[in-house]
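Any read-out appearing in this document is the output of simple, stated calculations on the displayed coordinates, not a laboratory observation. Worth saying up front: this structure is predicted, and the values here are computed from it rather than measured. Cβ sites come from the backbone with ideal geometry, for glycine too, and all protein chains shown count toward neighbours.
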Amino acid sequence: MQLYQANTFWQRFKGLLGKKTWPANQVLLIRPCSSVHTVGMRFPICVIFLGRDYRVLKVISFLKPWRLAYCRKAYCVLELATGVLSEDKALAWEQACCLAEGFFQQISEKRTGN
């Protein structure tokens, strides 16, 4: 999966707005972030809220357009195409944990140069 990051105010503000679709092989990391919306979006998304330690706090497998979601203790969010995670809550949670671990391992390796 390809990771995109939204770290500046304007990148976070825009998020996926204006996109017609979001491919299943792409993930948007929004940091810092504890809430997301799909106002004006044309498609549902999957949302994974993560804490400062990048542990999964909340998973929403199907957030419809024109909705709002939040997690008070979240530090960042991963946004994915719907269908990437299972509709089964337990399996979706496990998949989200694996995705988060993989992405943040990549990020830490880039920072350290390994």
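Odds and ends about this structure:
- Over 20 Å (Cα to Cα) - which of Lys58/Lys89; Lys19/Lys64; Lys19/Lys89; Lys20/Lys64; Lys14/Lys89 fall in this group: Lys19/Lys89; Lys14/Lys89
- Charge dipole of region 2-112 (Cα centre as origin; +1 on each Lys and Arg Cβ, -1 on each Asp and Glu Cβ, all else neutral): 500 debye, rounded to the nearest 20.
- Kirkwood's formula applied to the C-alpha pairs of region 1-57 gives a hydrodynamic radius of 12.2 angstrom.
- Equivalent-ellipsoid semi-axes for region 2-112 (Cα gyration tensor, √(5λ), whole Å, largest first): 19, 17, 14.
- GNM flexibility winner over the chain from Ala69, Ala90, Ala100 (Cα, springs under 10 Å): Ala90
- Charge dipole (the chain, unit charges on Cβ, about Cα centre) - positive-most of Pro65, Ile48, Leu29: Pro65
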